[in-house]
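Participant: Below: one structure in structure tokens.
We did not get these values from a lab; they are worked out from the coordinates using the rules stated. None of these values were measured; they are calculated from a predicted model. With ideal geometry, Cβ positions are generated from the backbone for all residues, glycine too; neighbour counts draw on all protein chains shown.
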Amino acid sequence: MGARRNRLVWLSLVGMGLCFGPGVLRWVGIALMVLPFVALAIWRKLDPPPPFEVITIDGEGVTRAFANGKSEHIAWKDLTEVSILTTSGGPYVDDFFWVLLGEGSGCFVPGPLAAGLMGRLQRLPGFDNEQVLRSVGSVTEAHFLCWKGKAGEGLLAAAPNATEPPTPKPFAPAKGG
């Protein structure tokens, strides 16, 4: 995309120079100045960047896959602690994170990517909804413990809830042309 953008910028600069010419040359210059930016906008729509990360919430557990190929995973059967971390970084950066921990594994889920997670977590015995409410109102660095249990108790969160939305699939651009 970088080389393509550079060519479009140069074409636009040539068009700018032609804008000062007489008659038809002026209109050609205007077209050369405007059309590269229209083309760039169209290419961006047709070829969006890959998602930064994808969260999968299913009957096995929660997985956070990064664009670089690395991932974090926690199985429901291994889940022993659920907490929320908040930061003072908002509103333009993520400032709310679910922290799911287990024996030797864990998963850190940004709030905006956690669709469907809350419904599952509320099935855990003794899950503290009050801590969730307190965390939503937090604008500082804070830690809120929502649930602590034993390995195996997390399986109660494994079955999908009939009212929860399915985990969104990552966007994959169409192949071909």
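Participant: Run the quick spin-label model on Ala114 and Ser71: label points 7 Å from Cα toward the beta carbon, then report their separation in nm to one decimal.
Facilitator: Roughly 2.1 nm, to one decimal.
Participant: Also, quick follow-up: Using the Karplus equation 6.51 cos²θ - 1.76 cosθ + 1.60 (θ = phi - 60°), what ³J(HN,Hα) coupling, rounded to whole Hz, does each residue of the range 133-138 give in order, writing x for Gly and Pro?
Facilitator: So the J values, rounded to whole Hz, are 4, 5, 5, 4, x, 7.
Participant: Here is a follow-up. On a full-extension model of 0.36 nm per residue, what is the gain between Thr87 and Ala142, subtracting their alpha-carbon distance, rounded to one decimal in nm?
Facilitator: Extra length from Thr87 to Ala142 when fully extended: 19.1 nm.
Participant: Collect residues whose amide H, placed 1.01 Å from N in the peptide plane, falls under 5 Å from the amide H of Phe127; neighbours closer than 5 in sequence don't count.
Facilitator: Correct list: empty.
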